[in-house]
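Shown next, in structure tokens, is the structure this report addresses.
Every read-out reported here was derived from the displayed coordinates using simple, explicitly stated rules and does not represent laboratory data. Keep in mind that this is a model prediction, so the values were computed, not measured. All Cβ positions, even for glycine, are placed from backbone atoms using ideal geometry, and neighbour counts span all protein chains on display.
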Amino acid sequence: MCEEYAPGTEYATQDGVFWKQYVGMRYAPGILLPIYKRVLGKLIYQIRKYLSPKMIVTYKK
């Protein structure tokens, strides 16, 4: 799901080829997804979106 894996890049993979077809989509339309998984996914996304600006990431050296 990253442009770094598209054909012609240093780390080209089949994943890069697959997701180039679905740029801007949340999921591939050919893959059936039950409604409860869509709702759960949207809920987790909204929680992450709300909490991410409040989180502080630090690294130990």
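Tabulated data
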{"read-out": "Cβ crowding within 10 Å averaged over residues, with 11-23, 32-44 ranked highest first", "value": "11-23, 32-44"}
{"read-out": "Helix-only [θ]222 nm of the chain, DSSP H runs n ≥ 4, -39500 (n - 2.57) each, per residue, nearest 500", "value": "-12000 deg cm²/dmol"}
{"read-out": "For the chain: relative contact order, % (alpha-carbon pairs under 8 angstrom, 6 or more apart)", "value": "17 percent"}
{"read-out": "For segment 6-53, size of Cβ-based charge dipole, Lys and Arg +1, Asp and Glu -1, in debye", "value": "360 debye"}
{"read-out": "The chain, Rg to Rh (Cα coordinates; Rh as Kirkwood inverse mean 1/r)", "value": "1.11"}
{"read-out": "Gain upon complete extension [Tyr27, Arg48; 0.36 nm per residue less C-alpha separation]", "value": "5.8 nm"}
